[in-house]
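Below is one structure; the comments refer to it alone.
The values are calculated or read from the model by the stated rules, or taken from the named source; none is laboratory data. Everything numeric in this text was worked out from a predicted model, so none of it was measured. Cβ placement follows ideal geometry from the backbone for every residue including glycine, while neighbour counts extend to all protein chains displayed. What goes into the accessible areas is simple: the full protein's heavy atoms, side chains included, and nothing from ligands, DNA or RNA. Shrake-Rupley method; radii C 1.70, N 1.55, O 1.52, S 1.80 Å.
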Amino acid sequence: MIISPSLIPELDDIISRGDPKRRADAARRISELFLQGAASFRPDHVDLFDGVLTNLVPHAELTERAELAERLSVLANAPRGLVSQLAHDDEIAIAGPLLRRSPLIDEKMLIEIASEKGQDHLLAMAERPTLSADLTDVMVARGDRKVVRRAAGNAGAAFSSSSYSTLIKRAGQDGVLTVRLGQRDDLSSDQLKELLSGSIDVVRRRLFQVVKPERQADIKQAMTAITGPTEREERRDFLPAQRTVMKLHREGMLGEGALLNFARAFKYEEAVAALSAMTGVKIETLDRLISGDRDDPLLIAGKAIDIEWATVRALILLRLGPNRTAAPADIESARVNYVRLMPSTAQRVVAFWKTR
């Protein structure tokens, strides 16, 4: 095997005494030589490249190391030492491609990196085709909301009973996580029941809409066990609420204050009826929009009629229900989005809703 006739005489000198620029240049040239001939190299050839590149690549520019990591991530015979070195890098642009897909990173290394590195590294490895229960134990214990959502949505991930228990508890404050867990084929009937018992109606309906037909039957069975066989889902009756709102309107008392009072008292029908009267959007349309799994419709409706954030916040909490709480980070994110939302944009969306 020939590495590079022009480099062989000076390679030892570059590695031991070369300045960073010469080392970076050598790393670039030798990396390219490896990538061009990787398909034909024997294991001993790959080991030779490994020994050279692990000394030189750290001197390359970040963008060059990131590109190299991307190209190595799909090779089954990439230099193992170099792969390990790059996968441990603090820069996610470098470590990420290898953590997502490199077949050379074994279970021990993944757990080590998952235990030491930050959320970006955990998020990257959550995309791997398969995740063992030992690895997901670490990811669930250390991972933030994005990490556990992605891992739960990975069909190739396995979870221990302990991790499933933790995920189900976290799903009580996270509708997206509830939906992703509910779609998993390896979720037992008891775990599904526990998941549904901690979720709100709107999330249950969303889950029922997206799962496979056979899982819909499981959800119905679980809901029967939770609510009892005589309870069934009924359409909300908005007529009494409409009468209340119309009376307030006739008396000149229908405004933001009344809407806020309804929301704080968790009077859903009255709040929707009041919001309908104030926006001109049909009650059925608002109910359907608000029953989704996002706060955006409330932000849009609120901005269109220029109500204060405190009232919108109360409506968001109303949507969740009296026995649920919203994560502070989610409330703050909604507040920021509400501040940034342009009234003209909100009014255009509401005008479209009126036509539905």
Quick one: net charge of Ser160's neighbours, Cβ under 14 Å, K/R +1, D/E -1?
-> -2
Cα-centre dipole for the chain with unit charges at Cβ (Lys and Arg positive, Asp and Glu negative), debye to 20 = 1720 debye
Among Leu318, Met278, Pro328, pick out the residue whose Cα is farthest towards the positive end of the charge dipole of region 265-356, where Lys and Arg carry +1 and Asp and Glu carry -1 on C-beta, about the Cα centre.
-> Met278
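Taking a ≥ b ≥ c as the square roots of the Cα gyration tensor eigenvalues, with a/c under 1.5 meaning rounded and otherwise prolate when a/b beats b/c, else oblate, which class fits region 57-143? Write out the running numbers ahead of the final one.
On the way: a/c = 2.08, a/b = 1.54, b/c = 1.35.
Judged from the Cα gyration tensor, region 57-143 comes out prolate (a/c at least 1.5, a/b above b/c).
In a shell of Cβ-Cβ distance under 12 Å around Arg100, excluding Arg100 itself, what net charge do Lys and Arg (+1) and Asp and Glu (-1) give? Let's see the in-between values first.
Details: positive: Arg101, Arg128, Arg150; negative: Glu70, Asp120, Glu127.
Residues close to Arg100 contribute a combined charge of 0.
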For region 267-356: rounded, prolate or oblate by the Cα gyration tensor [a/c cutoff 1.5] = oblate
Expressed in square angstrom to the nearest 10, the accessible area of Leu110 with a 1.4 Å probe stands at 10 Å²
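Might you tell me the accessible area per residue for the chain, computed with a 1.4 Å probe and given in Å²? Numbers along the way, then the final one.
Working: 18700 Å² over 356 residues.
In whole numbers, the chain has 53 Å² accessible per residue.
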If amide H atoms are built 1.01 Å from N in the plane of the peptide, which residues on other chains or at least 5 residues away come under 5 Å of the amide H of Leu131?
-> Ala157, Ala158
CD proxy, 222 nm, the chain: helix-only mean residue ellipticity via -39,500 (n - 2.57) per DSSP H run with n ≥ 4, per residue, nearest 500, stands at -20500 deg cm²/dmol
The alpha-carbon center of region 28-106 and that of region 155-220 are separated, in whole Å, by 39 Å
Near Lys212, which lysines are there with a Cα under 16 Å away, not counting those fewer than 8 places off in the same chain?
-> Lys220
Rank Asp120, Asp47, Asp137 by mean-square fluctuation in a GNM of the chain with C-alpha springs under 10 angstrom and give only the top-ranked residue.
-> Asp47
Extension length gain for Ala310 and Arg236 (0.36 nm per residue less Cα distance), in nm, is 24.1 nm
Taking semi-axes √(5λ) of the Cα gyration tensor in Å as the quantity of interest, determine which of (i) 56, 25, 15; (ii) 29, 24, 20; (iii) 52, 21, 18 was computed from the displayed structure.
-> (i)
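Is there a pair in Lys146/Lys303; Lys247/Lys267; Lys21/Lys117; Lys303/Lys354; Lys117/Lys146; Lys247/Lys282 whose C-alpha atoms are over 20 Å apart, and which pairs would that be?
Values: Lys146/Lys303 28 Å; Lys247/Lys267 16 Å; Lys21/Lys117 29 Å; Lys303/Lys354 16 Å; Lys117/Lys146 15 Å; Lys247/Lys282 18 Å.
Beyond 20 Å between Cα atoms: Lys146/Lys303; Lys21/Lys117.
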If one builds a Gaussian network model of the chain from Cα atoms under 10 Å apart, the most fluctuating residue listed among Leu195, Leu177, Leu75 is Leu75
Run the 1.4 Å probe and let me know the accessible area of Lys193, rounded to the nearest 10 Å².
-> 80 Å²
How far apart, in nm, are the 7 Å Cα→Cβ label points at Lys212 and Glu116?
-> 4.0 nm
Projected onto the charge dipole of the chain (unit charges on the beta-carbon of Lys, Arg, Asp and Glu, signs +1, +1, -1, -1), the Cα from Phe208, Thr178, Asn55 with the largest positive-side position is that of Phe208
Could you pull the accessible area for Met109 with a 1.4 Å probe, rounded to 10 Å²?
-> 30 Å²
